[in-house]
Amino acid sequence: MSAGRDGSADVRVQAWQAELEWLFARQRFGVHPGLGRVRALLARLGDPQRAFRTVLVGGTNGKGSTAATLAAMLCAGGVRAGLFTSPHLTRFTERFVVDGQELPEGVVAAALARVRPEAEAVGASFFEIVTALGALLFAEAGVQVAVMEVGLGGRLDSTNALDPELSIVTNVALDHTEFLGDTLEAIAGEKAGILRAGRPAVVGVAPQVQTIFAARGADLWVLDDHLTGTELRGWQGAQVTLRGPAGPLTLHTPLLGLHGARNAALAALAALRLGLPAEAVTRGAAAAQWPGRLEVISWQGGRVLLDGAHNPDGALALAAALRELGVGSLPLVFGAAGDKDISGVAAALRSCASEVILTRASLSPRAADPQALAPLFAGLPVTVTDSPAAALDALAARQAPLALVCGSLYLLGEVRPLLLGETAEARERWQ
């Protein structure tokens, strides 16, 4: 926002901050699954979601990287694509991307100011407001296809108020059991709720829950029926070969690890089902980026690996990726949300760690007390710190050539700008 002689830029900044304060205060009201309020809100806004085609991307892990890769493929194919993801790492505007670019603060602020009275009228929650805001922004930006990452579950998630022409489910694992159920089958049933009978769907789920997805009556493609080859190429990513409608398709993805390769493959299958040409699929796959998920950042003469692994399944995938990359034990900076299966995450990561620096996301009331995490790493050298900045100070003293930061996306959201010398939003984070 450029400054004007009359101080109008300052006024706009203040208005933007006021709208964000109102929105973020609604995080404290918690999560209330259901589609009634968000549908009412969308209707009051003129149903902006009808202005574009929608792809929903659900699953326990890998939603964001799959969505980002598909959006990159759409852009490579000349399709004006919107990408809606959550949570953001550093800036709220990260959630709303059009043709690879975050929408400007001023554009988001103006739309949020229009959404606010309608949201208050229907009693919408934080994520319901953000979902409707994304739909409004994408409609006004002339988006042709919106790739929408599901927030929680699927069946009752706010994004499911949109009407997808194609749905993707990456995988199913135990997470958010207080909302979704405590068995894989129960969680699969919730996630399968984003599928539509007779419409295309692409899933990467395990065989034991595939029948649950098949029962939805969608035109279902299962990844393992189409994935014919995966060649991991270390820090360069992977080469993936798929059986497509027009024959074999080989692409390169910079996403690291076997799970990164599978996410790219899912996105490619979805892109083919949307009618994108093979050349756009391969170009988009190679260009895809997804910060905070096996992201490598150079720092103080070494490298720091950031990963948002926050549940046991994600931590196991991270540990496997480190082995695939030939990484032995390394210093681990760890912090987690207190409502997660922290012991399961720690158990998966113990073998990767030479020592552990415990900390917490300063802006997240959900963050677990780092002192309470120490027993989970018994037998390893443990340092307890009270902030991400203190944790990085402790890490700097080690002068390690490679270190890992993981356990919470909120932690990454505070660590990443410190590593890059950027300014982050100093705002309480719940969702």
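The values are calculated or read from the model by the stated rules, or taken from the named source; none is laboratory data. Worth saying up front: this structure is predicted, and the values here are computed from it rather than measured. Counting neighbours? That spans all protein chains shown, and the Cβs are built from the backbone with ideal geometry, glycine included. Just so you know, the surface numbers come from the protein's heavy atoms only, side chains and all, with ligands and any DNA or RNA stripped out. Shrake-Rupley method; radii C 1.70, N 1.55, O 1.52, S 1.80 Å.
Things to note:
One line per residue, one yes/no per condition, for (1) open to solvent by 50 Å² or more (accessible area, probe 1.4 Å); (2) among the hydroxyl-bearing types (Ser, Thr, Tyr):
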position	(1), (2)
309	no, no
316	yes, no
329	yes, yes
349	no, no
357	no, no
362	yes, yes
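Quick grid of which residues meet (1) under 18 Å from residue 20 (Cα atoms); (2) in contact with a helix residue (DSSP H, G or I) (Cβ under 6 Å, 6 or more places away or on another chain); (3) part of a helix (DSSP H, G or I); (4) aliphatic (A, V, I, L, M):
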{"position": "94", "(1), (2), (3), (4)": "yes, no, yes, no"}
{"position": "120", "(1), (2), (3), (4)": "yes, no, yes, no"}
{"position": "127", "(1), (2), (3), (4)": "yes, yes, yes, no"}
{"position": "142", "(1), (2), (3), (4)": "no, no, no, no"}
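- Exclusive hit being in contact (Cβ under 8 Å) with a residue 12 or more places away in the chain, closer than 27 Å to residue 410 by Cα, in contact with a Gly (Cβ under 9 Å, 6 or more places away or on another chain) and among the aliphatic types (A, V, I, L, M), set 269, 276, 306: 306
- Only one of the numbered conditions (1) among the basic types (Lys, Arg); (2) under 25 Å from residue 381 (Cβ atoms); (3) surrounded by 15 or more Cβ atoms within 10 Å (Cβ to Cβ) is violated by residue 323, and that is (3).
- Residues in region 220-245 that are open to solvent by 60 Å² or more (accessible area, probe 1.4 Å), under 19 Å from residue 270 (Cα atoms) and either at pLDDT below 95 or more than 24 Å from the chain's Cα centre (by Cα) (or both): 225, 228, 243, 245.
- For region 41-77, filtering for residues that are open to solvent by less than 30 Å² (accessible area, probe 1.4 Å), more than 19 Å from residue 222 (Cβ to Cβ) and part of a strand (DSSP E or B) leaves 1.
- Flag for residue 393 being of a type outside the set (Lys, Arg) and touching a Pro at 6+ places or on another chain (Cβ under 6 Å): no
- Residue count for region 95-143, restricted to those that are at pLDDT below 95 and of a type in the set (D, E, K, R): 1
- Residue check, residue 321 within 20 Å of residue 409 (Cβ to Cβ), under 17 Å from the mean Cα position of the chain (by Cα) and among the aliphatic types (A, V, I, L, M): no
- Residue check for residue 131: under 17 Å from the mean Cα position of the chain (by Cα), among the β-branched types (Val, Ile, Thr), crowded, with 16+ Cβ neighbours inside 10 Å and within 30 Å of residue 342 (Cβ to Cβ): yes
- First in region 111-124 and without any contact (Cβ under 8 Å) to a residue 60 or more places away in the chain, second anywhere and small (Gly, Ala, Ser) and open to solvent by less than 40 Å² (accessible area, probe 1.4 Å), Cβ under 8 Å, 6 or more apart: none
- Scanning region 201-219 for residues that are surrounded by fewer than 21 Cβ atoms within 10 Å (Cβ to Cβ) and farther than 28 Å from residue 340 by Cβ yields 211, 214, 215, 216, 217, 219.
- Every residue from region 68-100 that is more than 16 Å from the chain's Cα centre (by Cα) and not β-branched (Val, Ile, Thr): 73, 74, 75, 76, 77, 78, 80, 81, 99
- Counted residues, region 47-63 - those being within 17 Å of residue 146 (Cα to Cα) and out of contact with any strand residue (DSSP E or B) (no Cβ under 6 Å at 6 or more places or on another chain): 5
- Top-ranked residue in region 279-298 [being open to solvent by 50 Å² or more (accessible area, probe 1.4 Å), in contact with a strand residue (DSSP E or B) (Cβ under 7 Å, 6 or more places away or on another chain) and at pLDDT 95 or above; ranked as farthest from residue 219 (Cα to Cα)]: 296
- Single unsatisfied condition, residue 15 versus (1) assigned to a helix (DSSP H, G or I); (2) under 24 Å from residue 199 (Cβ atoms); (3) at pLDDT below 95: (2)
- Breaking point among (1) modelled with pLDDT of 95 or more; (2) under 20 Å from residue 86 (Cβ atoms); (3) surrounded by fewer than 21 Cβ atoms within 10 Å (Cβ to Cβ), for residue 178: (1)
Each row is one residue, and each column tells you yes or no for (1) more than 22 Å from the chain's Cα centre (by Cα); (2) loosely packed, with under 14 Cβ neighbours inside 10 Å.
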site	(1), (2)
383	yes, no
387	yes, no
398	yes, no
404	no, no
413	no, no
421	yes, yes
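- Annotation: residue 186 fulfils all but one of (1) at pLDDT 95 or above; (2) open to solvent by 10 Å² or more (accessible area, probe 1.4 Å); the unmet one is (1).
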